[in-house]
1. Would you please report the Å³ per residue occupied by the convex hull of the alpha carbon atoms in segment B:98-285?
2. Can you pull the semi-axes for segment B:131-227, root of five times each eigenvalue of the Cα gyration tensor, sorted largest first, whole Å?
3. What FRET efficiency, computed as 1/(1 + (r/R0)^6) with R0 = 35 Å and r the Cβ-Cβ distance, is obtained for B:Glu53 and B:Ile26, rounded to the nearest 0.05?
4. Check which residues have an amide H placed less than 5 Å from B:Ala92's amide H, if you skip close sequence neighbours.
5. Mind listing the phi-derived Karplus ³J(HN,Hα) values for segment A:176-184, rounded to whole Hz, using 6.51, -1.76 and 1.60 with θ = phi - 60°, and x for any glycine or proline?
6. Stokes-Einstein at 4 °C, 1.567 mPa s, Kirkwood radius from Cα pairs: D for segment A:4-274 in µm² s⁻¹?
7. When you look at the Cβ of every residue in A:111-120, what mean number of other chain Cβ atoms sits within 10 Å?
8. Can you give me the angle between helix A:241-268 and the longest principal axis of chain A, using Cα atoms only, in degrees from 0 to 90, rounded to the nearest 10?
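Laboratory data are not the source of any read-out in this text; all were calculated from the coordinates shown. All of these numbers come straight from a predicted model, not from anything done at the bench. Glycine also receives a Cβ, built like all others from the backbone with ideal geometry; neighbour counts cover every protein chain displayed.
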Amino acid sequence: MKTFTSRFLGNPRVYLGLIWLGSLLFVALTADFLAPVDPFAIVGRPMSNPSAAFPLGTDSLGRDVLAGLLHGTRATLLIAVLATLAAVAFGTFVGAVAGYYGRLIDDALMRFTEFFQTIPSFLFAIVLIAVLSPSAANVVIAIATVSWPPIARVVRGEVLTVKSREFVQAAVVAGQGDAAILLKQILPNTLSPLIVTGSLLVATAILVESALSFLGLGAPDVMSWGFMIGAGRSFMREAWWLVTVPGIAILLTVLAINMIGEGLNDALNPRLADL
Amino acid sequence: MKSGSLGGYVVRRLIQTVPVVLGVVIVNFLLLQLAPGDLATVLAGEAGGAPKEYIDQLRARFGHDQPVYIQLFNYLRNLIVLDLGYSFRQSAPVFDLLMQRLWPTLLLMVCTLVLSLGFGILMGLLAALWVRTWKDNAISVAAIIVYATPLFWVGLMLILVFSIRLDWFPTSGMEDVVAFHEGWARVADIAHHLVLPTLTLSLFYLALYARLMRASMLEQRGLDYVVTARAKGQSERRITTRHVFRNALLPVVTMAGVQTGGLIGGSVVVESIFAWPGLGQLAYQSLFARDYNLLLGIFFLSAVLVVVVNLIVDVVYVFLDPRIRIG
């Protein structure tokens, strides 16, 4: 029986994903140092070809594309991670309560979850932001609002199987309260599927965030990859790199997170790894 | 299966959809309440300002001076007769606008569904038959990459290559309006405009269905009934086509139903890129015109569309899988 670490890191896809994500994290933390200019500052002639001064050229207003890309890393990752954390927190709460209390509460909460799964989620996110007005916080709220249901379902399923186990019954007999049993006994045992679902959710959140920014619904005055593509789309004929480069950044990041998520899944559920 | 029981099943499923539709209506109503500025202030603002008495008068006329629960009741009553309000930006009732724009979106969605399901199932099937060969790897890697690609970027890249560089397909619109095509020429023209939007919307789902189909085929192939069929002396080809393939289809059909909502979200992006005159583009326009009546009308119609598709999928499912006994 191999250990978790060797199963996880022995997977070349996971390795590549971790390298890309690690470099992104580095860029996100040091963006101010790597590209000391404000990404919105006009620094050169509009739509200059890539050159030594601007390795990825400038956009239609003369902003440095490389600086935008580096600063965009931070915004894109931060919004996606925050939205995922919010979705995981809310989804875990709903799923845990539904699974633990069962009966009517379970029924009501699951209908509630199904409702959110039925409505067209991206359109709902758009409507939410249109009504709440675009801002970084509202983008996080909108993404979290449409992405918590899978978490709730996963957690509920796990809680249902764990709650009938003997150590939980022992805790009940020992007189622990519901909150303590849920938090200390049951939830720690639901972690592995939660980690897998949550990590894949970050990838979805990045896709949703960039689509929102592309449509002009992202946080204003925050440079993000989707915003760069949206700003460059009218100039594809003259400057193809304006849309191509940020798109590749999104693609590689989502790919890396998906590969890490699947690697986690294979490592945490070795029985299913052959499928 | 008796036809009577199927009818009963459909009716039961229809009744189950009522809470969802009602939920959407209530969410819609709450969002309208949340939206900054009500209709009266918007109209007054458009007229270049108005005295407070006039605004109050307008509010009274729209029933906005009533308590919230009465407003909700009025909103519900209007919806039942398909009155979704009036779009003051487009100077037309919201319902009429929606009906005009529904068909282009349905055309796009149906073409996408056929293309993504057809090719997705085929690719997944081939990958499963060629499992652990370079062909399987090629299909799987391509699917993983497409699965991670943002939809809007696919659209822009297709425009860049096939419209701007190669000039094979038009960049936008649903037909060449100045050409005044009629009959088959018009159909061909629309089909020509349809290629890139459909391809853009399809690729992600194609990858999704291919991955699902492959996993589903491999799972089914290891089940006991396959061993039984083999023991009976059936040929591998027959086992694959008659047994494994049919069972492997079920999760893909389920997923196709689940993805309808996603398809509508994707069509907002695709239609705004290709200026496809459907609901998605209308949503995009109403968004920036702050036309909340129209935007929420589109949201309501989309939700109803999802509910209807899920209903259809459930009925199809009963035909595909006789193990699902109704009731």
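1. Cα-based convex hull of segment B:98-285, divided per residue, equals 145 Å³.
2. Whole-Å semi-axes of the equivalent ellipsoid: 37, 17, 10.
3. 0.60
4. It is B:Ser87, by chain and number.
5. 6, x, 4, 4, 5, 5, 4, 6, 9
6. So the translational diffusion coefficient is about 63 µm²/s.
7. Rounded to a whole number, the mean comes out at 6.
8. 20 degrees
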